[in-house]
1. Restricting attention to strands (runs of 3 or more DSSP E) lying wholly within region A:26-116, give those where 2 or more residues are out of contact with any Ser or Thr (no Cβ under 7 Å at 6 or more places or on another chain) and without any contact (Cβ under 8 Å) to a residue 12 or more places away in the chain.
2. Kindly provide the set of residues from region B:67-89 that are of a type in the set (D, E, K, R), modelled with pLDDT under 95 and farther than 15 Å from B:V4 by Cβ, ordered by number.
3. Sort through A:V24, A:V47, A:V43 and tell me the only one that's within 14 Å of the chain's Cα centre (by Cα), within 18 Å of B:F90 (Cβ to Cβ) and not aromatic (F, W, Y).
4. Inspect all residues belonging to region A:1-21 and state whether any of them is within 26 Å of B:C91 (Cβ to Cβ) and in contact with an Asp or Glu (Cβ under 8 Å, 6 or more places away or on another chain).
5. Within region B:12-27, which residues are hydrophobic (A, V, I, L, M, F, W, C), assigned to a strand (DSSP E or B) and closer than 13 Å to B:C91 by Cβ?
6. Just to be sure, is B:V4 under 11 Å from the mean Cα position of the chain (by Cα) and either in a strand (DSSP E or B) or within 21 Å of A:Q37 (Cβ to Cβ) (or both)?
7. Consider B:L47 carefully, then state whether it is surrounded by 18 or more Cβ atoms within 10 Å (Cβ to Cβ), under 11 Å from the mean Cα position of the chain (by Cα) and not β-branched (V, I, T).
Amino acid sequence: EPEVTQTPSHQVTQMGQEVILRCVPISNHLYFYWYRQILGQKVEFLVSFYNNEISEKSEIFDDQFSVERPDGSNFTLKIRSTKLEDSAMYFCASSGRSGKSSYEQYFGPGTRLTVT
Amino acid sequence: AQSVTQLGSHVSVSEGALVLLRCNYSSSVPPYLFWYVQYPNQGLQLLLKYTTGATLVKGINGFEAEFKKSETSFHLTKPSAHMSDAAEYFCAVRPSSSGNTGKLIFGQGTTLQVKP
């Protein structure tokens, strides 16, 4: 069964450093998402991406964040200058081509980002 | 803004007992509704969804949920709990007006413990 994959599973970085979180969505999906979950809190939407551009972003997704689909298979989230409060589990998700299949978002296993 | 409330952050049942996980949403227009399950160290897996049509929806692993518009609820049930059901369960909504790239809004999650 196709699945969303994410690398790395755990990333430790120092405050102020740049990190790139990588995701490989399901191959025929068209819609891509990033969510995060700070320990003990809700899963929160960050950004959605369609047709090579951001379609929606939350207020969390400020200028420190960017997303890219560099090669037609990977989908990346970059944090330019990490802060302690960016420590969280980051989930990538993708959904299908059209109609009701676009409603079902399939999630990857997550990348745990720890900022020290 | 839409919100999702899951009553009870922890629910404990005995093996073979009924599982009931509660979810209420706030919306003037019925959204699309989802339940996801997260096993330890894994991503979010879609259990079931409601978009339109029959209000009682069946999902994987014997789970089902009923959409009740008058109560703005989408409670998750399973007649007989199994040890393998121990996990964290998330209710999520997607505003029906949000188009194909709609974000999911999650509840805070309920941890289900199953006792032998």
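The values are calculated or read from the model by the stated rules, or taken from the named source; none is laboratory data. Every value quoted in this text rests on a predicted model; they were computed, and no experiment measured them. Cβ atoms come from the backbone with ideal geometry, glycine included; neighbour counts cover every protein chain shown.
1. Per the criteria, A:53-57.
2. B:K69
3. Exactly one of A:V24, A:V47, A:V43 is within 14 Å of the chain's Cα centre (by Cα), within 18 Å of B:F90 (Cβ to Cβ) and not aromatic (F, W, Y), namely A:V43.
4. Looking for residues that are within 26 Å of B:C91 (Cβ to Cβ) and in contact with an Asp or Glu (Cβ under 8 Å, 6 or more places away or on another chain), one finds none in region A:1-21, hence no.
5. Result: B:L20, B:L21.
6. yes
7. Considered against the rule, which asks whether it is surrounded by 18 or more Cβ atoms within 10 Å (Cβ to Cβ), under 11 Å from the mean Cα position of the chain (by Cα) and not β-branched (V, I, T), B:L47 comes out as yes.
Matching residues to (1) closer than 20 Å to A:S95 by Cβ; (2) touching a residue at least 60 places away in the same chain (Cβ under 8 Å); (3) away from every other protein chain (no Cβ under 14 Å):
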| residue | (1), (2), (3) |
| --- | --- |
| B:V11 | no, yes, yes |
| B:L21 | no, yes, yes |
| B:S26 | no, no, yes |
| B:V29 | no, yes, yes |
| B:V37 | yes, no, no |
| B:T51 | yes, no, no |
| B:K78 | no, yes, yes |
| B:A86 | no, no, yes |
| B:V114 | no, yes, yes |
